[in-house]
Amino acid sequence: MNKPQVFNSIRYASRSDIGLRRQKNEDSMLCLPDYGLFLVADGMGGAGGGDIASGAVIKHVEQAFRAIDFKSGLQAKVDAIRSSCNESSRWIRDKAEQLKMRGMGTTVVGLLLDAMDARRGAILHAGDSRVYLKRNNILVKLMVDHSPAAEAGLDDESLVPFFLQGIITRAVGVRDDVALECTYIEIEPGDLLLICSDGFYNMLSDVEMLALLHGSEDHLGDLARRAVDAANRAGGLDNISIILVKVDSEA
């Protein structure tokens, strides 16, 4: 866990695990604390395609951010995410054609913090990887999944026809241009943000996740490890990736 230079009121920890059922970890993560960027990508496509796709997003986004001033405002970072995801989507489509891998793609969810105003942030996402906010012992999901169930206003995926379950309606690698949804958020001292793939939240209820996050936040690395272990104890049906971002109270 590192201490960022600009965002000196922010601490973070990340952890990724293959889970108990998969043969390969197709999740990828990116933490650039100096830029106020934390990102999770959950690859799909099987036969090696998923990790190629999620890794491509990480590579393109990191390259885009390394090329801008780390003190850039929030909108510049939003633009960098959009352009780099479009570039990676075209790269994934070309690679899938070369490898003859149908369905190759990845979800993406990124948390961006504003270097100019510590109270402002943004979430950009395509797919069903998520960001949660824990504030005042309440856990809130900060966006809507891109899935048939969520877009129909349903919290329970079992309420949609079986052939629509497990489907996402937006992803990187499906089209040349990615329809990233942007959600602007307000951040307060004491907030804890959780960025995760569906392999984490599908294993645990909101109540269980809140109970896990209620532990000591002084050691985020230990908290991340315990959270991943809990998802594995619950079945570990998929790859599990989480990033915890803590806004210290003196912010």
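We did not get these values from a lab; they are worked out from the coordinates using the rules stated. For clarity, every value in this text was computed on a predicted model and none was experimentally measured. Neighbour counts are summed over all protein chains in view; Cβ atoms, including those assigned to glycine, are modelled from backbone coordinates with ideal geometry.
One table, with the values for the structure above:
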| item | result |
| --- | --- |
| Among ASN25, ASN137, ASN232, residue whose mean-square fluctuation peaks in a GNM of the chain (springs only between Cα atoms under 10 Å) | ASN137 |
| Size-normalised alpha-carbon gyration radius of the chain, reference 2.2 N^0.38 Å | 0.95 |
| The chain, relative contact order [Cα under 8 Å, separation at least 6], % | 27 percent |
| Farthest positive-ward along the stretch 10-247 dipole, Cα basis, beta-carbon charges - from MET104, THR183, ALA149 | MET104 |
| Trypsin sites (Lys or Arg not before Pro) restricted to DSSP loop in the stretch 35-117 with at most 13 other C-beta within 10 Å | LYS71, LYS100, ARG102 |
| Mean separation of Cα contacts under 8 Å, 6 or more apart, over the residue count of the stretch 98-165: relative contact order % | 19 percent |
| Partner lysines for LYS24 [C-alpha distance under 29 Å; skip if fewer than 8 residues away on the same chain] | LYS59, LYS95, LYS100, LYS141 |
| GLU188-ASN137 pseudo-label distance in nm [points 7 Å out on the Cα-to-Cβ vector] | 1.5 nm |
| Rel. contact order, % - alpha carbon contacts under 8 angstrom, at least six apart, the stretch 30-129 | 37 percent |
